[in-house]
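Every number in this text was worked out from the coordinates using simple rules, so none of it is lab data. Every value quoted in this text rests on a predicted model; they were computed, and no experiment measured them. Ideal geometry is used to build each Cβ from the backbone, glycine not excepted, and the neighbour counts take in all protein chains shown.
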Amino acid sequence: MEILRGISVAPGVAIGEAVVLEAEDYRIPYRTVPAEEVANELSRLASAFEKSIDELDKQAVWLNAHLGHDAANVFEWHIGVLKDERLRGSIEAMVREELAAAAYSASTVMRKYQQRFLQMSDPLLVERIRDVQDIERRLLRNILGEAREDLAHLSKPVILVAHDLSPTQTAQLAETKVAGIALDAGAATSHTAILLRSLGRPGVIGLKDVSSRVSGGDLVIIDGSNQLIIANPNEATLDEYRQREMAFVRLADELDELKGLPATTLDGHRVYLCSNIEFPREARVGIAKGSDGIGLYRTEFLFLRPEGAPTEEEQYKAYVEAIRGADGRPVTIRTFDLGADKYTQQRSYEQERNPMLGLRSIRYSLQNLDMFKVQLRAILRAASHGQVRMMFPLINSLMEFRQAKMTVHDTIEDLEETGVQVRKDIPIGMMLETPAAAIQVKEFCREVSFISIGTNDLIQYLLAVDRGNERVSQFYSPSHPAVLHVLRDVVQACTQSRVDCSICGEMAGQPLYTLFLLGLGLQTFSMAPANIPEVKKLIRLVTMAQATRVAKRALSFETDRQVTNYLRDETRKVLPEDPI
Ligand code: PEP
Ligand code: MG
């Protein structure tokens, strides 16, 4: 039995035999054709182009309808490349003038095309190389007419294991029997991760070498909730996970019935469960799962597109779509959290040595004021469409918060000067994500409209553990007593200052911590929409007195293991049937 830890893309359990996808790499030998064959080669080429564009069109339409425009965008870009006359002209010229075979010409020209991207100074364009490789593979497949590893014809559910998946391969999974996914590669913000998350099947990425450790036919368990996979499990583990898998299915049915009910404790204490979203159309998905609003809109995902930075108008439209999707419920828009693992580090010529401690989040926005102001204009304009709040990520000092807030006021003035009326009283809050902010929470309370605790970052900075580094993931624990104590102090300070305090890190959506967080006095939790039903169920089965007792006791332990065991026992008392 082997346990590998990675980054989860969707919660849940999947069990099945592994299908290991080999890297689909076509090596095309140099081949010439007799002059009389040229017309034939050109017509093969023409039909391969036609077929590729047709496949992509269908995929884009499907994605647009099911996952929204952001997901479809990638394929629209692929279509654009295939419709580029110059590119196609160069391939045809090679066939015509050098009598090279169509496949060889296509491969040679596409590789030169990749080189052009490699030399570009805009790293967002450099990222397109994988897309160009994807286009090349599709084109070659259609020229050569080869039968590929066909996931569409699987007869039973399997676990897909691969080094990496291209956006195309990922999109194709939607209509297959792939029950879970395990990848060597992957960062939380890659295109592939975004598409996998939208599919909602349990998956763990960033496993480094899973594709060489697991062989086709091995039994594999994907535990998306705990960010791990287990290969060749022993009987006891397999039994446990089979039960968890069934419990998940039962739970999903049962939880569906809760969506119209409020998250109210047995003694009538109302709790608000909001969603974290990356794409505007997810706002609606969250509401369908019974969410009370959008607690965190990660706007930096607007950068996930080939064209680079989104314009003011594009941003405005995205924000309005999210606000409309929330259907009158509150929406908290977080300004760009760029940097660290999200995009900007690749932009600089010299990469940051320590990007998590580098130019990220609000620091990045304040050093790129033009970009920041464009975003603020878009948010302020969109805010008139609903109950909107604005918050800044990674605020670490009062000066930073004041500077960001002042920039908002400057932007309001600029807008008013041009005749655009905006809500001057838009609530402006901060994410509390660093130990420094936690220590100064009382001072912040005097200046902010609200605080949202970002435990993902708070834990990494408090425990000095990179949240994205697999080598230290065993040290990244929300149960660490230091984390619990800091959370208690922050919530207490906010309560005393009567400042609205919510929590939006992953911890907020983990049922293991629900009793503890509730017991601290938190009333608003924001999480991935998929987690809302289970947390709601738990809240509806306890009283505040119970939760307060659990929180107090949890705070008395000295090690994270004791905390985890205790919280698991207490949660199981309330939800004996559910997988935790
Ligand atoms: C957090 O840090 O807890 C958070 C919610 O923000 P992100 O995960 O986007 O850094
Ligand atoms: Mg954060």
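For the reader, a short list of remarks on this structure follows.
- In this simple spin-label model, placing a label point 7 Å from the Cα along the Cα-to-Cβ direction at both Glu97 and Leu42 gives a separation of 1.4 nm.
- Expressed in units of 2.2 N^0.38 Å, where N is the residue count, the Cα radius of gyration of the range 257-574 is 0.98.
- Rule-of-thumb Rg ratio for the range 284-337 [Cα; 2.2 N^0.38 Å; N residues]: 1.17
- With all projection directions averaged, the alpha carbon convex hull of the chain covers 27.4 nm².
- Straight Cα distances below 26 angstrom link Lys259 to the lysines Lys289, Lys536, Lys537, Lys573, with same-chain residues fewer than 8 positions distant left out.
- Hydrodynamic radius by Kirkwood, which averages 1/r over all alpha carbon pairs of the range 179-310, in angstrom: 17.6
- A full extension of the chain between Asp256 and Arg116 corresponds to an added length of 45.4 nm, given 0.36 nm per residue minus the alpha carbon distance.
- Added length on full extension, which subtracts the Cα-Cα distance from 0.36 nm per residue, Arg242 to Glu85: 51.1 nm
- Each of Arg498 and Ser384 was given a label point 7 Å from its Cα along the Cα-to-Cβ line. The distance between the two points is 3.2 nm.
- Rounded Å value of the spacing that divides the Cα centres of the range 480-547 and the range 238-258: 23
- Contour minus Cα-Cα distance for Ile3 and Glu447 (0.36 nm per residue): 155.2 nm
- Antiparallel DSSP beta bridges within the chain, as percent of all bridges there, nearest 5: 35
- Descending principal axes extents, the range 63-116, alpha-carbon based, whole Å: 44, 19, 17
- Based on every Cα atom in the range 35-144, Rg and the maximum pairwise Cα distance Dmax equal 14.7, 47 Å.
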